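Structure, as structure tokens:
Each reported figure results from applying straightforward, stated rules to the coordinates on display, with no laboratory input. Since we're looking at a predicted model, the values are computed, not measured. Reconstructed Cβ throughout: ideal geometry from the backbone, glycine too, with neighbour counts over all protein chains shown.
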Amino acid sequence: MDLLQSLHPVIQALIGTTFTWGVTALGAAVIFMRKDPSRQLLDGMLGFAGGVMIAASYWSLLAPAIEIAQGGQLPAWLPAATGFLLGGVFLRGADRFLPHLHLGFSLEEAEGMKTTWRRTTLLVIAITLHNRPGGLAVGGAFGAAAAGFPSATLAGAMTLALGIGLQNFPEGVAVALPLRRTGMSRLKSFWYGQLSGMVEPIAGMIGAAAVLSAKTILPYALGFAAGAMIFVVIEEVIPEAQRGGNTDLATLTAMLGFALMMILDVAFG
């Protein structure tokens, strides 16, 4: 902890998001196992990831954003709410224009502008697009801790990185496994699976630098990251977890993921 605290916040964010990228790669490495995970297990992991993201959005992002804004000229809820809605609008705009394909969907159901890109490329773009909020959230948390806000601590930023890492594992599996099932080699499936997490270190450093350069935007930035994460959960993670018919399992694991992230944030944040 002392060593990490002595580093520049942008470097702290890089370390935290490199960890989350590494967990994505660890999930993608599941395809090297002799037996592929069952659909039931995958749905359970996706439900768990959704629960973690929902809890992190409130406990690690929205609640600190509201607390930081208290005492200002504007109502305390306004910056967080504004950022939250802008986060959803931003991802909706990206979804509308950037060609991508959600997990479990056929090539004919690709979203965004029409393109001749391959299914593999569209899948990786979708996960990469939806991994950016996690990286921004972790980077913003490290930046906020360094800025000296009472509600933002280094332990809280580390907890958020751990939570994002937990939800990245099933995403790595969910990208690599379908590619392997289409006949792609294990090595290529792993490569594309971990590739989706590469954006997080970049987003994390951007988030930390933005907070440090303009502290007044912090409540908006935290709300933005929360809104983007909730958009991803509702639009992709939960629907994909439910598509296999394991609805009760996915719901229960989502509640488990929420409870675990809440406990981690309250106990160590």
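Between Phe97 and Gln40, how many nm apart are label points set 7 Å from Cα along the C-beta direction?
4.5 nm
All other residues with a Cβ under 14 Å from the Cβ of Ile54 taken together, and with Lys, Arg as +1 and Asp, Glu as -1, what is their net charge?
Numbers: positive: none; negative: Glu235, Glu236, Asp265.
For residues surrounding Ile54, the net value is -3.
Please report, in debye to the nearest 20, how large the charge dipole of segment 130-269 is about its Cα centre when each Lys and Arg carries +1 at its beta carbon and each Asp and Glu carries -1 there.
Numbers: 7 positive and 7 negative charges, 82 e Å.
So the dipole magnitude of segment 130-269 works out to roughly 400 debye.
How would you rank 251-260, 87-96, highest first, on the average number of other Cβ atoms within 10 Å across their residues?
On the way: 251-260: 18.7, 87-96: 16.6.
Averaged packing, sorted descending, gives the order 251-260, 87-96.
May I ask you to compute the full-extension gain from Leu256 to Met33, defined as 0.36 nm times their residue separation minus their alpha-carbon distance, rounded to one decimal in nm?
Values: separation 223, 0.36 × 223 = 80.28 nm, distance 2.59 nm.
This chain segment gains 77.7 nm when fully extended.
What is the sum of charges around Val23, taking Lys and Arg as +1, Asp and Glu as -1, for the other residues whose C-beta is under 14 Å from the C-beta of Val23?
Working: positive: none; negative: Glu171, Glu200.
The answer is -2.
Using Stokes-Einstein with the Kirkwood hydrodynamic radius over Cα pairs, what translational diffusion coefficient do you get for segment 49-97 at 4 °C and a viscosity of 1.567 mPa s, in µm²/s rounded to a whole number? Kindly include the intermediate steps, with their values, before the conclusion.
Values: Rh = 11.9 Å.
In µm²/s, the coefficient rounds to 109.
Which of the peptides 217-224, 133-140 is most tightly packed, and how do the rest follow, going by the mean number of other Cβ atoms within 10 Å of each residue?
Values: 217-224: 26.4, 133-140: 31.8.
Top of the packing list down: 133-140, 217-224.
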